[in-house]
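K.L.:
I'd like to ask you about the structure that follows.
The values are calculated or read from the model by the stated rules, or taken from the named source; none is laboratory data. Computed from a prediction, not measured in an experiment: that's the story for all the values here. Counting neighbours? That spans all protein chains shown, and the Cβs are built from the backbone with ideal geometry, glycine included. With ligands, DNA and RNA removed, areas are computed over all heavy atoms of the protein, side chains included. Shrake-Rupley method; radii C 1.70, N 1.55, O 1.52, S 1.80 Å.
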Amino acid sequence: MNRKGALGKAAVGGATDLAETDRIVLTKKQRECVEYNPNQHLLVRGIAGSGKSTVLIERARHLVRLRTLGGTGPSVLVLAFSRPLSNYMTQLGQKTGTDSIDIRTFHSMAWSILNSMNLRPADVVSGRDRLDMIEQAVKDAGRNWSGHRLFAQPLSFWDEEIKWMKGKSILDFDTYSKTERLGRGTSVRVTAEDRRVIFDVFDRYRQSLKGKNLMDYDDFANVLIEHMDEIPDDLRWDHLLIDEAQDLHESQLCVCAGICNISLTIAADKAQNIYKTGFTWRSIGIDIRGRSKMLDNTHRSTREIVRLASSLQRHDPIALSKDEEFIPAALPTKSGPLPVLFTPGDPDSELNLISKLVRELRRNAPKHTIGVIARSHQRIREIDQCLRRVGIDPESVLRDEGNVLSPGVKLTTYHSAKGLEFDHVLVTGLSEGVLPDQEPPDSAEEDLKEWLAVERRLLYVAMTRAKTSLILIAPSPQSRFINEMDSALYEDGGRYAV
């Protein structure tokens with residue numbers, strides 16, 4: 001059906017009926033998680049929108065009250081995967097209750113411990129500065145291994161290998177030489193001699209950081225692991241609750257296990273894993289056998305949104321392989337408009353389309369939240385400028401910015417959208433070369449499958465941020481993921497909004 005013309009009442013008409021109050025009413029399954037034995041670890045496996053973040057907030061409150069009743073001060077901390085999610089959970093906690101809950105990111109928590117123990121560096125290197133230091137280490141090592149084939153690899157290979165090594169706490173050559181490179185793919189064949197070359201680069205990079213009294217963010221966990229026995233009691237927590245745990249590194253989870261005195265509560269969904277962070281709960285010393293709860297009902301999205309997202313998710317290798325940690329979504333009873341797909345001819349046309357769609361949504365639902373999700377920070381800036389030209393003042397939800405719960409237009413990236421939710425969502429940039437990104441060069445078939453799976457999950461995560469209406473925008477050349485969705489489950493909006 002071609003919906004050339006306005007969005008119409010269907011896209012926002014049900015929103016008022018679906019409006020939520022500040023009061024949280026837990027389901028039976030959610031309450032079982034909240035009130036689970038406080039002296040035992042708990043793994044909460046839940047699909048997108050099943051209320052994992054809400055469960056963690058309410059369980060944290062429950063644990064604080066138990067501690068208070070016991071006559072001692074609370075020692076409860078909630079860790080969110082990212083700063084946008086941490087801010088959102090803090091805002092949600094303030095909106096739904098009076099109890100003050102300590103919510104941070106792993107890096108924020110780790111930095112406070114490093115600082116208190118006088119282990120903090122002079123500065124933290126990231127982004128382009130970090131890549132420049134890795135590139136210099138590659139050049140320096142290249143002089144010792146003249147002509148070695150690995151030095152023809154792009155900088156991304158060295159970047160990812162270093163991240164993987166630090167994420168696994170592989171800090172010496174003996175460990176590296178014996179560790180299977182699970183999760184690193186097969187595109188680049190790595191022999192025993194190659195490992196010496198790679199470790200030379202790794203060691204040069206680490207020594208360069210140390211010489212300048214610097215760390216990168218992946219160092220935080222390993223420094224704390226090294227000093228774990230020295231961490232005083234007042235820098236540990238009785239209960240630690242972790243959201244989106246599937247996207248943390250093994251080393252970070254080991255720190256969490258090490259500084260937790262009584263119980264870990266871990267919320268995770270393997271189907272939303274958007275980073276290469278392979279691990280098992282056993283490998284990080286957490287025994288969750290028989291201590292797992294499953295949340296397979298979404299309380300966020302409508303039936304129509306979930307059906308379309310599920311039609312995409314069925315192509316994920318973990319769904320195809322019937323992975324034991326994969327949870328298929330149960331269809332909700334809440335109904336709403338069909339998602340809509342628009343296909344502008346190019347990125348500039350997409351910007352005009354976004355401004356028209358957002359303006360119409362704002363007119364029809366002024367008290368709702370509208371999330372516009374894009375691939376890059378650069379594209380977010382372009383969308384921001386475009387909206388401001390037509391009199392709309394959007395709010396960026398990136399890093400520490402933005403209030404997800406207040407009405408209005410929110411701009412965020414695919415990665416930063418993780419764990420957030422909006423009444424209406426525009427998923428933009430569904431083009432080949434954007435989502436999915438450019439294919440990694442010279443990659444083996446298995447590596448391409450894994451890369452494509454992560455890209456697909458980014459789209460799945462973005463789609464499942466929507467509570468009431470979902471709009472997909474696919475400029476030419478259209479993303480292959482559009483063809484993976486069931487076309488009967490969305491409306492064709494055509495090339496133009498109005």
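K.L.:
Tally up the carbon and sulfur contribution to the accessible surface of the range 165-241 as a whole percent, 1.4 Å probe, everything protein left in place. Before the final figure, lay out the partial values.
P.N.:
On the way: 1780 of 3870 Å².
Carbon plus sulfur share of accessible area: 46 percent.
K.L.:
What residues qualify as long-range amide H neighbours of L241, i.e. H under 5 Å apart, gap of 5 or more or another chain, H built at 1.01 Å from N?
P.N.:
Residues meeting the amide H criterion: L77, V78, L79, T265.
K.L.:
Tell me the mean residue ellipticity at 222 nm calculated for the chain from its helices only (DSSP H runs of n ≥ 4, each -39500 (n - 2.57), averaged over every residue, nearest 500).
P.N.:
Per the formula, -12500 deg cm²/dmol.
K.L.:
Please identify the longest segment of the chain free of exposed trypsin sites (Lys or Arg not before Pro), where exposed means a DSSP state other than H, G, I, E or B and no more than 13 other Cβ atoms within 10 Å. Don't jump to the answer; show the numbers that get you there.
P.N.:
Details: sites that count: K4, K9, R23, R189, K212, R289, R314, K322, K367, R399.
For trypsin sites (Lys or Arg not before Pro) (loop position, at most 13 other Cβ atoms within 10 Å), the longest site-free span of the chain is 24-188.
K.L.:
Beyond 21 Å between alpha-carbons counts as too far, so tell me which of K166/K210; K163/K210; K28/K322; K293/K410; K95/K293 fall in that bin.
P.N.:
K28/K322; K293/K410; K95/K293
K.L.:
Which value in nm describes the separation of the simple spin-label points at Q94 and D233, placed 7 Å from the Cα toward the beta carbon?
P.N.:
Output for this residue pair reads 3.3 nm.
K.L.:
What accessible area per residue comes out for the chain, rounded to a whole number of Å², with a 1.4 Å probe?
P.N.:
Normalised by residue count, the accessible surface of the chain is 44 Å².
K.L.:
Given contacts defined as C-alpha pairs under 8 Å and at least six residues apart, what's the relative contact order of the range 101-197, whole-number percent? Please report the intermediate quantities before stating the final value.
P.N.:
Details: 23 pairs, mean separation 20.8, N = 97.
In percent, rounded to a whole number, it is 21.
K.L.:
For the range 106-117, in order, what is each residue's ³J(HN,Hα) by Karplus, 6.51 cos²θ - 1.76 cosθ + 1.60 with θ = phi - 60°, in whole Hz (x at glycine and Pro)?
P.N.:
4, 5, 5, 4, 4, 5, 5, 5, 4, 5, 5, 9
K.L.:
Near K212, which aspartates and glutamates are there with a Cα under 18 Å away, not counting those fewer than 8 places off in the same chain?
P.N.:
Those aspartates and glutamates meeting the cut-off are D123, D129, D132, E135, D140, D203.
K.L.:
While we're on this one: How about K356: which aspartates and glutamates have a C-alpha closer than 20 Å to its C-alpha, ignoring those fewer than 8 places off in the same chain?
P.N.:
Within reach: D346, D348, E382, D384, D393, E395, D423, E491, D492.
K.L.:
Okay, moving on. With the full set of protein chains in place, find how many percent of the accessible area of the range 380-457 is carbon and sulfur; take the probe as 1.4 Å.
P.N.:
Carbon plus sulfur share of accessible area: 43 percent.
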